[in-house]
Amino acid sequence: DVIMDNLNGFMMLESLREDPETAQIPVIMMTTPALDAGAWKSGVATEYLEKGFSLDELLAVVDKVLKI
C-alpha cells in the first residue's frame with residue numbers, strides 16, 4: 001500500500017530495491033483514487049492498482065507482472 005502507518009509504500013519499495021535479495025521482486029502498489037498524485041507514474045512500481053479493485057483486475061495485473 002502507498003500509505004502505511006510507519007512507512008509509505010515508496011519508502012518500502014526503495015528499501016526492497018536496495019537489498020540484492022529482494023531487488024528483483026515484482027511489486028504491485030495500491031492506493032485509493034483520492035490519492036491520485038501521479039507518484040506511481042515515476043516508474044518505481046511494477047504496477048499500480050486503485051483500492052476497490054476486483055479479483056479479476058488483481059489477477060490480470062499479477063499475470064502481467066509475472067510475464068515481465
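The residue of region 44-68 that is most open to solvent (accessible area, probe 1.4 Å), among those that are assigned to a loop (DSSP other than H, G, I, E, B), modelled with pLDDT under 85 and closer than 25 Å to Asp5 by Cβ, is Lys51.
Residues that are open to solvent by less than 60 Å² (accessible area, probe 1.4 Å) and hydroxyl-bearing (Ser, Thr, Tyr) within region 3-20 are absent altogether.
Considering region 1-43, and only residues there that are among the β-branched types (Val, Ile, Thr) and over 8 Å from the mean Cα position of the chain (by Cα), the residue that is modelled with the highest pLDDT turns out to be Thr22.
The values are calculated or read from the model by the stated rules, or taken from the named source; none is laboratory data. Predicted model only: the values in this text are computed from it and were never measured. Note: ideal-geometry Cβ built from the backbone for every residue, glycine included; neighbour counts use all protein chains shown. The area values use the complete protein model at the heavy-atom level, side chains included, leaving out ligands, DNA and RNA. Shrake-Rupley method; radii C 1.70, N 1.55, O 1.52, S 1.80 Å.
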